[in-house]
Amino acid sequence: MRTPVTELLGIELPLLAFSHCRDVVAAVTNAGGFGVLGAASHTPEQLEHELDWIDAHVAGRPYGVDLIAPATYAGKGEGGDPVGLWERIPAAHREFVDDLLTAHGVEPPEPPPVGRRRRPGLTEEHARDCLDIAFAHPIRLIANALGVPPDYMVARGKAEGVAVAALVGTRHHAVRQVEAGVDLIVAQGTEAGGHVGEVATMVLVPEVVDAVAEAAAAHGEEPVPVLAAGGIVNGAQMAAALALGAAGVWTGSVWLTCEEAETAPATKAKFVAATSGDTVRSRSRTGKPCRQLRSAWTEAWDGPDAPPALPMPIQSLISEPALRRVDRLAEGGHEGARELATYFVGQGVGMMNRVRPAREVVYSMAEEFAEAVERAAAFLEE
């Protein structure tokens, strides 16, 4: 295939695969797509280790890195002090989490001692450190998953010859991203897993494509390519995305049920059994609206007795230790933990009904794409 995205990134298929798992990233890249390592929660040391591994397994084929450098977050301008952020967790929130876990037979985790409280990942300091690591490797793309990429990310990408991508959920956001100098827009509909807005992919993609084209025309420039994202798990949807004007697709959820995925086994089993109606947008994990699998955890936080979610990244300080313990117990068959277990996933989960290798997913999507294009062509008169 040949689209502006395949030309930009030097790939065979305009299929980008976001994953926190290095094995998935490498498998997709080796199969002709483009793997993107989600590194928002990685420490710089972890990121270095993962990128070294990917470099050793992709034989020079292109891949990218996705970070979160939010424009606003609790503690911004205060050095990301980990002790100070932990102290901002109200007692009522700690009690709510402890009571929720206890009600499901899960012993609440103890807060780490002051000396072991590391800086949260969703800060500018963390993003800068990880950018230094990422640009020391042969990446072809750097993406900011939340908001407009900061100036230092765009400038570094331009200087290094690395494409800068950004995710958007509205037409207005897309125009702001173009004005900021990004090279690639990911129009992510509300169907997607993770941080999402409220506009559906079918509406958002053509709206963003038109907005980007209008912004480029106003400056006498060529429009930057747009990727479609949100609920895309098969090749027919990829064909639909290109028909809407996208130059490719950005996918995430579909890789969570792959053999190589890092998904906790109990959660992976819940994904395979889930329907498209089993997800929910909730602030209960990061403090910002995130689509994830509906569970006893999300239901409790959306209930009338729940305290309001804390701002990013403080909410993660109470959610992540609890949910990591839940995942470990769920894997061992703990019923209460299984009820609580959740993870970021989009509405396409209803079509993710079996576990298979990542390269098989890539090949299936390519075949399904070709079949969908042939079906559409058959409607045209000779």
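The values are calculated or read from the model by the stated rules, or taken from the named source; none is laboratory data. As the structure is a prediction and not an experimental result, all values here were calculated from the model. Positions of Cβ are backbone-derived with ideal geometry, glycine not excepted, and every protein chain shown enters the neighbour counts. In case anyone asks, the SASA skips ligands and DNA or RNA and just uses the protein heavy atoms, side chains included. Shrake-Rupley method; radii C 1.70, N 1.55, O 1.52, S 1.80 Å.
Mind checking which residues of the stretch 14-31 are within 15 Å of the chain's Cα centre (by Cα) and surrounded by fewer than 24 Cβ atoms within 10 Å (Cβ to Cβ)?
Kept after step one, since they are within 15 Å of the chain's Cα centre (by Cα), are these residues of the stretch 14-31: 15-22, 24-25.
Selection gives His20, Cys21, Arg22.
Looking only at the stretch 125-160, which residues are among the aromatic types (Phe, Trp, Tyr) and in a loop (DSSP other than H, G, I, E, B)?
Listed by number, the list holds a single entry, Phe135.
Being assigned to a loop (DSSP other than H, G, I, E, B), among the charged types (D, E, K, R) and open to solvent by less than 60 Å² (accessible area, probe 1.4 Å): is that true of Arg285 here? Even if it seems obvious, please write down each step before you answer.
Values: assigned to a loop (DSSP other than H, G, I, E, B): yes; among the charged types (D, E, K, R): yes; open to solvent by less than 60 Å² (accessible area, probe 1.4 Å): yes.
Here the answer is yes, as Arg285 does meet what is asked.
Restricted to the stretch 258-281, and to residues that are among the hydroxyl-bearing types (Ser, Thr, Tyr) and in contact with a strand residue (DSSP E or B) (Cβ under 8 Å, 6 or more places away or on another chain), which residue is surrounded by the most Cβ atoms within 10 Å (Cβ to Cβ)? Show your work before the answer.
Step one: filter the stretch 258-281 for residues among the hydroxyl-bearing types (Ser, Thr, Tyr), giving 263, 267, 275-276, 279.
Then drop every residue that is not in contact with a strand residue (DSSP E or B) (Cβ under 8 Å, 6 or more places away or on another chain), which leaves 267, 279.
On the way: Thr267: 24, Thr279: 27.
Per the criteria, the residue is Thr279.
Within the stretch 56-112, which residues are open to solvent by 70 Å² or more (accessible area, probe 1.4 Å), among the hydroxyl-bearing types (Ser, Thr, Tyr) and modelled with pLDDT of 95 or more?
The one that is open to solvent by 70 Å² or more (accessible area, probe 1.4 Å), among the hydroxyl-bearing types (Ser, Thr, Tyr) and modelled with pLDDT of 95 or more: Thr102.
Show me the helices (runs of 4 or more DSSP H) found entirely inside the stretch 293-344 where at least 2 residues are more than 19 Å from the chain's Cα centre (by Cα), farther than 22 Å from Arg88 by Cα and small (Gly, Ala, Ser).
Details: elements: 296-301, 314-331, 335-340.
Those helices (runs of 4 or more DSSP H) span 335-340.
Does Ala211 satisfy being aliphatic (A, V, I, L, M), free of Cβ contacts under 8 Å to residues at least 40 places away in the same chain and part of a helix (DSSP H, G or I)?
On the way: aliphatic (A, V, I, L, M): yes; free of Cβ contacts under 8 Å to residues at least 40 places away in the same chain: no; part of a helix (DSSP H, G or I): yes.
Against the criterion (aliphatic (A, V, I, L, M), free of Cβ contacts under 8 Å to residues at least 40 places away in the same chain and part of a helix (DSSP H, G or I)), Ala211 does not qualify.
Please state which one of Thr251, Thr286 is in the same structural domain as Leu13 (by TED's automatic domain parsing), of a type in the set (S, T, N, Q) and closer than 30 Å to Glu124 by Cβ.
On the way: Thr286 fails: in the same structural domain as Leu13 (by TED's automatic domain parsing).
Only one candidate qualifies: Thr251.
Suppose we filter Gly220, Gly194 for residues that are in contact (Cβ under 8 Å) with a residue 24 or more places away in the chain and either in the same structural domain as Leu167 (by TED's automatic domain parsing) or open to solvent by 10 Å² or more (accessible area, probe 1.4 Å) (or both); which single one remains?
Values: Gly220 fails: in contact (Cβ under 8 Å) with a residue 24 or more places away in the chain.
So the residue among Gly220, Gly194 that is in contact (Cβ under 8 Å) with a residue 24 or more places away in the chain and either in the same structural domain as Leu167 (by TED's automatic domain parsing) or open to solvent by 10 Å² or more (accessible area, probe 1.4 Å) (or both) is Gly194.
Select from the stretch 148-165 the residues that are open to solvent by less than 30 Å² (accessible area, probe 1.4 Å) and either at pLDDT 95 or above or β-branched (Val, Ile, Thr) (or both) and list them in ascending order.
From the stretch 148-165, those open to solvent by less than 30 Å² (accessible area, probe 1.4 Å) are 149-150, 153-154, 157, 162-165; that's our starting set.
Scanning the stretch 148-165 gives Val154, Gly157, Val162, Ala163, Val164, Ala165.
What is the number of the single condition among (1) surrounded by fewer than 17 Cβ atoms within 10 Å (Cβ to Cβ); (2) on the phi > 0 side of the Ramachandran plot; (3) touching a helix residue (DSSP H, G or I) at 6+ places or on another chain (Cβ under 9 Å) that Gly10 does not meet?
(3)
Of Gly348, Gly336, which residue is at pLDDT 95 or above, in contact with a Gly (Cβ under 7 Å, 6 or more places away or on another chain), in the same structural domain as Arg281 (by TED's automatic domain parsing) and not hydroxyl-bearing (Ser, Thr, Tyr)?
Working: Gly348 fails: in the same structural domain as Arg281 (by TED's automatic domain parsing).
Exactly one residue qualifies, and that residue is Gly336.
List, please: which pairs have Cβ atoms under 8 Å, are six or more places apart or on different chains, and start with a residue in the stretch 322-336 that is touching a residue at least 24 places away in the same chain (Cβ under 8 Å) and end with one that is acidic (Asp, Glu) and surrounded by fewer than 18 Cβ atoms within 10 Å (Cβ to Cβ)?
From residues that are touching a residue at least 24 places away in the same chain (Cβ under 8 Å), the pairs are Arg325/Glu107.
Within the stretch 297-329, track down each residue that is within 17 Å of Pro108 (Cβ to Cβ), open to solvent by less than 10 Å² (accessible area, probe 1.4 Å) and at pLDDT 95 or above.
Trp297, Ser319, Ala322, Leu323, Val326
Please verify whether Val272 is among the hydrophobic types (A, V, I, L, M, F, W, C), in contact (Cβ under 8 Å) with a residue 12 or more places away in the chain, assigned to a loop (DSSP other than H, G, I, E, B) and within 18 Å of Gln347 (Cα to Cα), treating the condition exactly as stated. Steps first, answer last, please.
Numbers: among the hydrophobic types (A, V, I, L, M, F, W, C): yes; in contact (Cβ under 8 Å) with a residue 12 or more places away in the chain: yes; assigned to a loop (DSSP other than H, G, I, E, B): no; within 18 Å of Gln347 (Cα to Cα): yes.
So Val272 fails the test.
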